[in-house]
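Have a look at the structure below, then the notes.
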Amino acid sequence: MAIVKPFKGIRPPQDLVEQVASRPYDVLNSQEARDEAAGNEKSLYHIIKPEIDFPVGTDEHDPRVYDKAAENFRMFQEKGWLVQDEKENYYIYAQTMNGKTQYGLVVGAYVPDYMNGTIKKHELTRRDKEEDRMKHVRVNNANIEPVFFAYPDDPVLDELIARYTVQKPVCDFIAPGDGFGHTFWIVDKDEDIRIITEEFAKMPALYIADGHHRSAAAALVGAEKAKQNPRHRGDEEYNYFMAVCFPANQLTIIDYNRVVKDLNGLTPDEFLAAVAKNFTVEEKGADIYKPSALHNFSLYLEGKWYSLTAKPGTYDDNDPIGVLDVTISSNLILDEVLGIKDLRSDKRIDFVGGIRGLGELKKRVDSGEMKVALALYPVSMKQLMDIADTGNIMPPKTTWFEPKLRSGLVIHKLA
């Protein structure tokens, strides 16, 4: 069973939401954050990317930078730019992209559920990235940004969310830059709070969709605080961390594509011949070709698009990892033909989120920066959940979720 609880959220007043809210810390670099926050002292970037308050080039991992995050967090509260709710609530957060809206519940997720595997992951984390976020949680004594979970479909929660979302929201705005809609409601009725808690308690698992490093950092700090407290009871606020939980049937994973700098010493004809050993190769011409189904890939090389279809026998439908298109392409093209063994460390390869479109792949190859591009059919939520349920880990750079959660709509304090 999944344990969740409501919490006293810290939120910007309604008239300041758009000034405070920001993109997540890990989708932009320091200079981009500096540019987006220019002239806006209320931007959350001053807390989640506080290096922008130092001279250009300051290391974002400098201890002074973490201290500045905490100083700014205190200052935002003192100035009334962030205000804590008086009672414990759940919250509903809706995101709208391309006319489609997904509705998530903002909850306090239970640290022991992360530790015991009730909160399931599908990616490996890097210790250096975990430690960076752990320092940020420790110094602020808060989860400034939420993590992104999926939960098994639940008609009772669907009905509850529908009741709230016909009411006037506390904030509703279109974010600059991406043009996505962000809408927020407060679930403050005791009976509805009870229903949410009880419905989650019936779920065998929750699934991390996006934010593996934030999840690990938040849970590890919570466990650390439990260990350090001689009077630990188990109901303290640090036993929970902030998550936005969406029903799995509302979520869409988009493609996560690859571009490679060279053909590993092969000519284009030799490369295509080598690929044809395991794939049926069809030339599609100059117009962009998008993969049409699982095990169908799109290749762009020297101004032409190709359809690649994995031949029967080159993958195992009964292997939850082996059947993934990211595994098939990694093993049979990137490794076998191009000699790329480690997707995490090889400098010859880069990754392009599908939100940028296949035109971005063409652009990077046509510019001469890259030699070849490979587009993949996106993973399904069922595949992700099956892999997490079997305790397996997806290969690197498999899933891309969009839209990203907006940070700053609500914050969770650990005490």
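Summary of computed values
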read-out: Hey, Leu272 of a type outside the set (Gly, Ala, Ser), in contact (Cβ under 8 Å) with a residue 24 or more places away in the chain, assigned to a strand (DSSP E or B) and out of contact with any helix residue (DSSP H, G or I) (no Cβ under 6 Å at 6 or more places or on another chain) or not; value: no
read-out: Checklist (1) in a loop (DSSP other than H, G, I, E, B); (2) farther than 19 Å from Asn264 by Cβ; (3) aliphatic (A, V, I, L, M) applied to Val337, failing item; value: (2)
read-out: Those strands (runs of 3 or more DSSP E) lying entirely in the range 137-250 with at least 3 residues under 16 Å from the mean Cα position of the chain (by Cα); value: 147-151, 206-210, 240-247
read-out: Qualifying residue in the range 346-358 (condition: hydrophobic (A, V, I, L, M, F, W, C) and either assigned by TED's automatic domain parsing to the domain that holds Leu44 or surrounded by fewer than 19 Cβ atoms within 10 Å (Cβ to Cβ) (or both)); value: yes
read-out: Enumeration of residues in the range 72-86 that are free of Cβ contacts under 8 Å to residues at least 60 places away in the same chain and either farther than 18 Å from Asn143 by Cβ or among the small types (Gly, Ala, Ser) (or both); value: Met75, Glu78, Lys79
read-out: Residue within the range 107-120 that is under 26 Å from the mean Cα position of the chain (by Cα) and acidic (Asp, Glu) present; value: yes
read-out: Cross-chain or 6+ apart pairs with Cβ under 6 Å, the range 31-53 first and touching a residue at least 40 places away in the same chain (Cβ under 8 Å), then aromatic (Phe, Trp, Tyr) and outside any loop (DSSP other than H, G, I, E, B); value: Ile47/Phe73; Ile48/Tyr25
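The values are calculated or read from the model by the stated rules, or taken from the named source; none is laboratory data. All of these numbers come straight from a predicted model, not from anything done at the bench. No Cβ is skipped: glycine too gets one built from the backbone with ideal geometry, and neighbour counts run over all protein chains shown.
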